[in-house]
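Following: one structure in structure tokens, then a few remarks.
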Amino acid sequence: MPALGALSTGNTYSISFVDLDGNKFSTADGHVTIVVLTTPADREQARTVGDRVPDFCLGRSAYRMITVIHFTRSHMAIGGRMATAFIRHRVREEAKRLQARYDGQKIARDAKSDIFVVTDFDGTVASQLGQSEGSTDFCVFVFGQTGELLAQWHSVPSADELAAAIKKSD
């Protein structure tokens, strides 16, 4: 079921992100954007969402998925630099998995260029996504090209639910 969070489906939000590589994004910059808000403990759920992204989105610049990894104070025992290094390693592993999917679909593109990860060490991004301070909720949001919130969940949506939400942007 859609989440009953601070963001309201149908409203428009211009939320800005900067990923690990310094790329700047916004939910209102002309792309259909899936945003996964997760903690390090819920990375398997984030992976499942990625696996459920419809094939028609793969390798197409009109669509993107941004994973926001929200760290709480309890997560920060290992430190920001170590966390970032570990995340970069995980991104390389996920790029290999996604590349296999691209190859299967005959998409001639480097999958790594389509993986976007944002680290949220201070809760700024989580707050913009409607999460209260200290919250560790797993959330999935689908924003249309102008930032309209098309759907949101507090769990992993099914492949059909995710595809239906993305198609609302057409």
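Once phi is turned into ³J(HN,Hα) by the Karplus curve 6.51 cos²θ - 1.76 cosθ + 1.60 with θ = phi - 60°, what whole-Hz value does each residue of the stretch 135-147 show in order, with x for glycine and proline?
Once θ is set to phi - 60°, the couplings for the stretch 135-147 become 5, 10, 5, 8, 9, 10, 10, 10, 10, x, 4, 9, x Hz.
Check the chain and count each lysine pair with an alpha-carbon distance under 25 angstrom, considering only pairs eight or more places apart or from different chains. All intermediate terms of the calculation are to be shown ahead of the outcome.
Working: Lys24/Lys96; Lys24/Lys112; Lys24/Lys167; Lys24/Lys168; Lys96/Lys106; Lys96/Lys112; Lys106/Lys167; Lys112/Lys167.
Lysine pair count for the chain: 8.
Keeping all protein chains in position, work out how much accessible area Glu94 exposes to a 1.4 Å probe, and write it in Å² to the nearest 10.
Spelled out: Glu94, probe radius 1.4 Å, area about 40 Å².
Of the residues Arg64, Arg109, Arg43, which exhibits the maximal mean-square fluctuation in a Gaussian network model of the chain defined by a 10 Å Cα contact cut-off?
Arg109
The values are calculated or read from the model by the stated rules, or taken from the named source; none is laboratory data. Please read all numbers here as calculations on a predicted model, not as lab measurements. SASA here: full protein model, heavy atoms, side chains in, ligands and nucleic acids out. Shrake-Rupley method; radii C 1.70, N 1.55, O 1.52, S 1.80 Å.
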